[in-house]
Structures are given as C-alpha cells and as structure tokens.
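Below is one structure, written out as structure tokens; the observations come after it.
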Amino acid sequence: GESVGLHLPTLSVQEGDNSIINCAYSNSASDYFIWYKQESGKGPQFIIDIRSNMDKRQGQRVTVLLNKTVKHLSLQIAATQPGDSAVYFCAESIRQGGKLIFGQGTELSVKP
Amino acid sequence: DSGVTQTPKHLITATGQRVTLRCSPRSGDLSVYWYQQSLDQGLQFLIQYYNGEERAKGNILERFSAQQFPDLHSELNLSSLELGDSALYFCASSVDFGETQYFGPGTRLLVL
C-alpha cells in the first residue's frame with residue numbers, strides 16, 4: 001500500500017555540521033512533499049515543501065531535494081544547531097486529495 | 001505559533017467514556033484535518049473537512065466522528081473510548097485542500 005519510509009530512525013550530528021535526513025516514498029502519483037519538524041510536546045511545524053515539478057527547493061538553512069526517478073526525498077540542514085534537535089517527518093500527498101501520508105520520522109540529535 | 005488552536009491540551013478519561021476535542025483553524029483557512037499520533041502507528045490521517053463538508057476519510061474508527069461548523073471550527077468526537085485510543089490528536093488547517101497544512105499544538109488524550 002501507500003507508504004513513506006525513512007532510512008534512518010536516528011541521526012546524531014555535531015553542532016555546525018550539515019545534516020541530511022532521507023525519505024523514500026512509494027506512491028508515484030504523489031505530487032506534493034513536505035517536511036515537518038516536531039519538538040517534544042509540540043505539534044508538527046512546517047519546514048519546507050516541494051512540488052513534483054521541481055527537483056530542489058531552498059529555504060533558510062534548509063534544502064529539500066526530490067528524486068522522482070527513485071522516489072526519494074531528502075532534507076538538508078546547513079550548520080546544524082542545538083535548536084534543530086527534534087523529530088523530522090516527511091509527508092506526501094496527491095495535491096487534489098489533500099491528506100498527508102507521513103513517514104515514521106527521524107530523530108535528529110545535535111551535540112554541542 | 002501556527003495560528004491553529006486546539007483545546008483542551010490534556011484530557012484524562014476512563015474507558016467507555018466520550019470526549020470532544022476542539023480545533024480552530026488559522027484565520028482564512030477553509031480546510032481542517034484531524035490526525036492521530038500514537039507510538040506504534042505514527043501520524044495517521046483521520047478525516048478532512050472543507051468549508052463545512054467532509055472531504056476525505058482515512059483510518060477513522062466508527063466510534064469517532066467529526067464536524068466542521070459554519071464558523072469553520074471543528075470538533076472531533078471520540079466515543080466508547082478504549083485504552084488504545086490514548087494518543088496525541090492533532091488538527092491542521094490549510095487555505096484550500098492540497099495546500100500547506102499547519103498543525104495545532106495537539107490534545108493529549110489518556111484513557112485509563
């Protein structure tokens with residue numbers, strides 16, 4: 001069935017390093033992808049999104065890459081900071097449908 | 001702060017009881033989504049409303065129901081509660097279906 005999976009459940013990085021969080025999706029009909037950050041006790045916070053007509057999109061310190069050929073999505077965080085420590089979720093949807101299908105999440109831990 | 005509000009923040013109740021969770025979307029958003037987050041199932045889509053009408057259904061139990069009112073706030077009703085219903089329940093809203101969803105802080109439900 002439809003699913004979004006993550007390659008790494010946990011990721012530990014040193015402060016100042018770059019982080020890369022990966023995600024695989026299985027529904028070739030998905031045309032909208034989004035990354036959320038969830039801190040303990042809080043709701044998912046929007047980070048960045050990308051539509052299927054793009055391969056790359058950049059935000060502030062974050063970049064999302066989409067490889068439709070292999071159905072792969074990644075989130076790159078530059079100069080990772082302790083405040084970036086959280087669980088990161090990728091999600092996919094078919095734009096006309098609207099509902100998001102979430103991956104399992106990757107916990108990012110930033111060491112000072 | 002996403003602009004989505006949810007009440008109550010915490011809810012403790014007993015098996016067999018019924019509870020109502022409330023969500024107010026961001027100003028101007030017409031679409032409301034409900035998600036359940038549990039440790040073993042992750043973030044799961046429950047149901048979506050758009051401008052007062054049900055738009056999509058996910059893995060929502062028959063014991064659960066929702067509605068969106070004319071002022072666009074939404075309520076999720078959970079009845080005949082079971083221990084396994086203990087979870088975080090999130091509401092999200094978007095301007096239109098298929099657009100970026102912004103999540104509220106969630107309601108933590110504990111069924112004893």
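The values are calculated or read from the model by the stated rules, or taken from the named source; none is laboratory data. None of these values were measured; they are calculated from a predicted model. Cβ atoms come from the backbone with ideal geometry, glycine included; neighbour counts cover every protein chain shown. Keep in mind that these areas ignore ligands, DNA and RNA; they rest on the heavy atoms of the full protein, side chains included. Shrake-Rupley method; radii C 1.70, N 1.55, O 1.52, S 1.80 Å.
Checking the a/c ratio against 1.5 first, then a/b against b/c, what shape does the Cα gyration tensor give for the stretch A:36-112? Mind showing how you got there, number by number?
On the way: a/c = 2.14, a/b = 1.42, b/c = 1.51.
Cα axes put the stretch A:36-112 in the oblate bin.
Please find, in a Gaussian network model of chain A (springs between Cα atoms separated by less than 10 Å), the residue of A:Lys71, A:Lys42, A:Lys56 whose mean-square fluctuation is greatest. It is A:Lys42. Taking both sides together, the accessible area buried where B meets A is about 1500 Å² for a 1.4 Å probe. Pairs of Cα atoms nearer than 8 Å and 6+ residues apart set the relative contact order; for chain A it is 37 percent.
Taking θ as phi - 60° and the Karplus parameters 6.51, -1.76 and 1.60, the scalar couplings of the stretch A:48-54 work out to 6, 9, 8, 9, 5, 8, 10 Hz in sequence order, x denoting glycine and proline.
Starting from the Cα-Cα distance between B:Glu99 and B:Gln41, subtract it from 0.36 nm times their residue separation and give me the gain in nm to one decimal. Walk me through the intermediate numbers first.
Values: separation 58, 0.36 × 58 = 20.88 nm, distance 2.44 nm.
Extending this stretch completely gives an extra 18.4 nm.
Karplus-derived 3J(HN,Hα) values for the stretch B:83-99, using 6.51 cos²θ - 1.76 cosθ + 1.60 with θ = phi - 60°, are 4, x, 7, 4, 4, 9, 10, 10, 10, 10, 9, 8, 4, 8, 5, x, 8 Hz; glycine and proline are entered as x.
Summarising the label geometry, the points placed 7 Å from Cα in the beta-carbon direction at A:His72 and B:His73 lie 4.7 nm from one another. What the phi angles of the stretch A:67-83 give under the Karplus curve with 6.51, -1.76 and 1.60, with θ = phi - 60°, is a coupling list of 10, 6, 4, 10, 6, 10, 10, 9, 10, 10, 10, 8, 6, 4, 10, x, x Hz, glycine and proline written as x. Across peptide B:35-43, the average count of Cβ atoms from other chains found within 10 Å of a residue's Cβ is 3. Mean-square fluctuations from a GNM of chain A, with a 10 angstrom spring cutoff on Cα atoms, peak among A:Lys68, A:Lys37, A:Lys99 at A:Lys99. Relative contact order of chain B: 38 percent, from C-alpha pairs under 8 Å at least 6 residues apart in sequence.
Across chain A, how many lysine pairs, 8 or more apart or on two chains, come within less than 30 Å at their alpha-carbon atoms? Close lysine pairs found across chain A: 15. Largest mean-square fluctuation among B:Ser93, B:Ser24, B:Ser79, in a Gaussian network model of chain B whose springs join Cα atoms under 10 Å apart, belongs to B:Ser79. Relative contact order for the stretch A:51-112: 24 percent, from Cα pairs under 8 Å spaced at least 6 residues apart, divided by residue count.
For B:Ile47, the residues whose amide H sits under 5 Å from its own are B:Trp34, B:Gly58, ignoring neighbours fewer than 5 places away on the same chain, with H placed 1.01 Å from N.
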